[in-house]
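J.: Dropping the structure in here first, questions after.
The values are calculated or read from the model by the stated rules, or taken from the named source; none is laboratory data. Keep in mind that what you see is a predicted model, and the values were worked out from it rather than measured. We place every Cβ from the backbone using ideal geometry, glycine too, and count neighbours over all the protein chains shown.
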Amino acid sequence: MTGFMSKPTGNQTILEDLRNRLATNVSRDAETLLASMPEAQQNAILMMAKEADRAMRFSRISAAQAITRLYPNADIDKRKVILALLNAEEDRPDFAAQDAAMDRAYAQWERLKPLEELLAETPSFRSSRSSASSQTEALISRPQRPTPTYTSNDNTADASSFMAALTASESGGRADAEYTTRDGRRHVGLLQFSEARLQDFRNATGETFTQDEFAQDVELQSRVGDWHVASIDAAIDDLGEAAAGLDRDGLRAVAHLGGEAGMRRFVRTNGGYNPSDELGTSLSDYYARFSSGAS
């Protein structure tokens, strides 16, 4: 009998055996992990590391933060290898420094005057606050977003490179990856499909399956992925001249993140429609990340 509950050999207790196996798993270095991966997975890891490095350079975040933001479903082994490729380590919070900062904040708070006293000392407070509020409202109502400049790329018939990049970004190449949003919506599989997008596929093809069945069927995931990109391409083509000169892979990524309707609105507003998901990734972020000219 083999597996988790196999009996230890000799005089070794079950607890000692599990401790030894835990130590073996934890101590595997990045070089060993990388050597055990097939070439396709190594290439996916390399692409993930490049994306994390780009996020670090443009967002000024740590390697660990970049991996968490881009690949929330990446397992421990993949994190370890990506960190090693980036010559970085996991972030370790400095609790002593945090406690000291809190102590300083509390000390400053204690020295502050009560709000009533401050207001009594500043009779013009109300008029100043009203003026500031008016200025803030004017700034908010004024358009602030600069017009984005898009790179040019003709229609690319072969979507395989885009699919590989999108798969690495969405799931790290894991068919069993799953992410649940704060409002309870599940995203599963290589491309992290929601139940709503799977229903679009069912409506278009007449097939029937549950989201759990989809998560366990790699071949089905591949078919839905091909349909997904073909459907997006048709939506891009329907835009006609409005999408001329825009990068097709970038628009594919926008539609994957924000839906085909969101992609159409993004194009027609010249990037003015640019919402972000709960991880802080905006439509323009995905356009820039997946455009064929991106480096």
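J.: Which residues, counting only those in region 243-253, are loosely packed, with under 13 Cβ neighbours inside 10 Å and at negative phi?
T.: Of all residues in region 243-253, those loosely packed, with under 13 Cβ neighbours inside 10 Å come to 244-245.
Hit for region 243-253 is Ala244, nothing else.
J.: Just for region 50-101: of the residues that are without any contact (Cβ under 8 Å) to a residue 40 or more places away in the chain, over 18 Å from Ala165 (Cα atoms) and among the basic types (Lys, Arg), which one is surrounded by the most Cβ atoms within 10 Å (Cβ to Cβ)?
T.: Arg57
J.: Follow-up. Working only within region 180-215, note down all residues that are out of contact with any helix residue (DSSP H, G or I) (no Cβ under 9 Å at 6 or more places or on another chain) and in contact (Cβ under 8 Å) with a residue 60 or more places away in the chain.
T.: Thr181, Arg182
J.: Which of the following residues is in contact with an Asp or Glu (Cβ under 8 Å, 6 or more places away or on another chain) and either at pLDDT 95 or above or in the same structural domain as Arg248 (by TED's automatic domain parsing) (or both): Ala168, Ala230?
T.: Among Ala168, Ala230, only Ala168 is in contact with an Asp or Glu (Cβ under 8 Å, 6 or more places away or on another chain) and either at pLDDT 95 or above or in the same structural domain as Arg248 (by TED's automatic domain parsing) (or both).
J.: Look through region 223-247, keep the residues that are touching a residue at least 24 places away in the same chain (Cβ under 8 Å) and not in a helix (DSSP H, G or I), and return whichever of them is nearest to Gly206 (Cα to Cα).
T.: Among them, the one singled out is Leu239.
J.: Same structure again: Can you pull out the residues in region 227-242 that are surrounded by 15 or more Cβ atoms within 10 Å (Cβ to Cβ), within 16 Å of Tyr287 (Cβ to Cβ) and of a type in the set (Gly, Ala, Ser)?
T.: Ala235
J.: So, one more: Which of (1) in a helix (DSSP H, G or I); (2) loosely packed, with under 15 Cβ neighbours inside 10 Å does His256 not meet, given it meets every other one?
T.: All conditions pass for His256, except number (2).
J.: Among the residues of region 173-226, which ones are of a type in the set (Phe, Trp, Tyr) and either closer than 16 Å to Leu257 by Cα or surrounded by fewer than 16 Cβ atoms within 10 Å (Cβ to Cβ) (or both)?
T.: We begin by selecting, within region 173-226, every residue of a type in the set (Phe, Trp, Tyr); these are 179, 193, 201, 209, 214.
Listed by number, the residues that qualify are Tyr179, Phe193, Phe209.
J.: For a quick check of your reading of the model, give me the residue pairs whose first member lies in region 248-260 and is of a type in the set (A, V, I, L, M, F, W, C), whose second is at pLDDT below 95 and not in a helix (DSSP H, G or I), with beta-carbon atoms closer than 6 Å and at least 6 apart or on different chains.
T.: Partner pairs satisfying both residue conditions: none exist.
J.: OK, next. Against the condition more than 26 Å from Arg54 (Cβ to Cβ), at pLDDT below 95 and touching a Lys or Arg at 6+ places or on another chain (Cβ under 8 Å), how does Ala242 come out, does it pass? Steps first, please.
T.: Numbers: more than 26 Å from Arg54 (Cβ to Cβ): yes; at pLDDT below 95: yes; touching a Lys or Arg at 6+ places or on another chain (Cβ under 8 Å): yes.
Criteria met by Ala242.
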